[in-house]
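K.L.:
Would you mind keeping the following structure in view while I ask a few things?
The values are calculated or read from the model by the stated rules, or taken from the named source; none is laboratory data. All values reported here derive from a predicted model rather than from experimental measurement. A quick note on method: Cβ atoms are made from the backbone with ideal geometry, for glycine too, and the neighbour counts reach across all protein chains shown. Calculation scope for accessible area: heavy atoms of the full protein, side chains included, ligands and nucleic acids excluded. Shrake-Rupley method; radii C 1.70, N 1.55, O 1.52, S 1.80 Å.
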Amino acid sequence: MSMHVPHGRWVVWLSFLVAMLLQIMPLPSLVEDWRPDWLLLVMFYWAMALPHRYNILSAWLLGVLLDIMLGAHLGIRALSMSLVIYVVVLHFQRLRNFSMWQQTLMMAGLVCLHHLLVFWLQFVVNVASFDTSLFLPVVSSVLLWPWVFLILRRVRRVYKVR
């Protein structure tokens, strides 16, 4: 009787760790508002590629970890990421067949939704004021999505992640 060996799961969790580190890494104040949503981009990819393994629960766990690391109200990013990844998992077959620019547009809408949900939840919990800089990470995430997609797809193929 052979034991089932998980293929490449450590690679996926390593990619989440790298994304988390990029998400919390200090940046110069000039570009801080433009910080891409690294964790959401990586989660978006893995939820689209392997929705049976990396889905709403993974998004919630990573969101809680991100809330803890950012010192934010616990659960805000967890809820927001879970809802966004729910949409990805719900439509993963369609998303896989989209062209790169269609995926990028969809991802832009979901990153925008994520930021609006985080703002709204912070507004409900705390006093938060609306600022258009809220959408700057959407722009940087859109510009990075094709690269993140291509790099993670290559990683998935090289390490035979299933």
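K.L.:
Determine the pairs where a residue that is farther than 20 Å from residue 22 by Cα and modelled with pLDDT of 95 or more, located within segment 43-59, has a partner that is polar (S, T, N, Q) and assigned to a helix (DSSP H, G or I) with Cβ atoms under 6 Å apart, the partner being 6 or more residues away or on another chain.
P.N.:
What qualifies is 56/82.
K.L.:
Output the residue which, of all residues in segment 75-106 that are of a type in the set (Phe, Trp, Tyr) and touching a residue at least 24 places away in the same chain (Cβ under 8 Å), is nearest to residue 39 (Cα to Cα). Working first, answer last.
P.N.:
Step one: filter segment 75-106 for residues of a type in the set (Phe, Trp, Tyr), giving 86, 92, 98, 101.
So of that shortlist, the ones also touching a residue at least 24 places away in the same chain (Cβ under 8 Å) come out as 86, 92.
Working: 86: 15, 92: 18 Å.
Taking the candidates together, the pick is 86.
K.L.:
Quick one: residue 35 ticks every box in (1) out of contact with any helix residue (DSSP H, G or I) (no Cβ under 8 Å at 6 or more places or on another chain); (2) of a type outside the set (A, V, I, L, M, F, W, C); (3) over 16 Å from residue 88 (Cβ atoms) except a single one, so which number is it?
P.N.:
Result: residue 35 passes all but (1).
K.L.:
Restricting attention to helices (runs of 4 or more DSSP H) lying wholly within segment 54-162, give those where 2 or more residues are touching a Ser or Thr at 6+ places or on another chain (Cβ under 7 Å), closer than 27 Å to residue 11 by Cα and open to solvent by less than 20 Å² (accessible area, probe 1.4 Å). If you could, list the steps in order and put the result at the bottom.
P.N.:
Numbers: elements: 56-70, 76-90, 92-97, 100-125, 136-158.
Filter on segment 54-162 gives 56-70, 100-125, 136-158.
K.L.:
Count, please, the residues in segment 81-140 that happen to be closer than 17 Å to residue 66 by Cα and small (Gly, Ala, Ser).
P.N.:
Going through segment 81-140 one residue at a time, the tally reaches 1.
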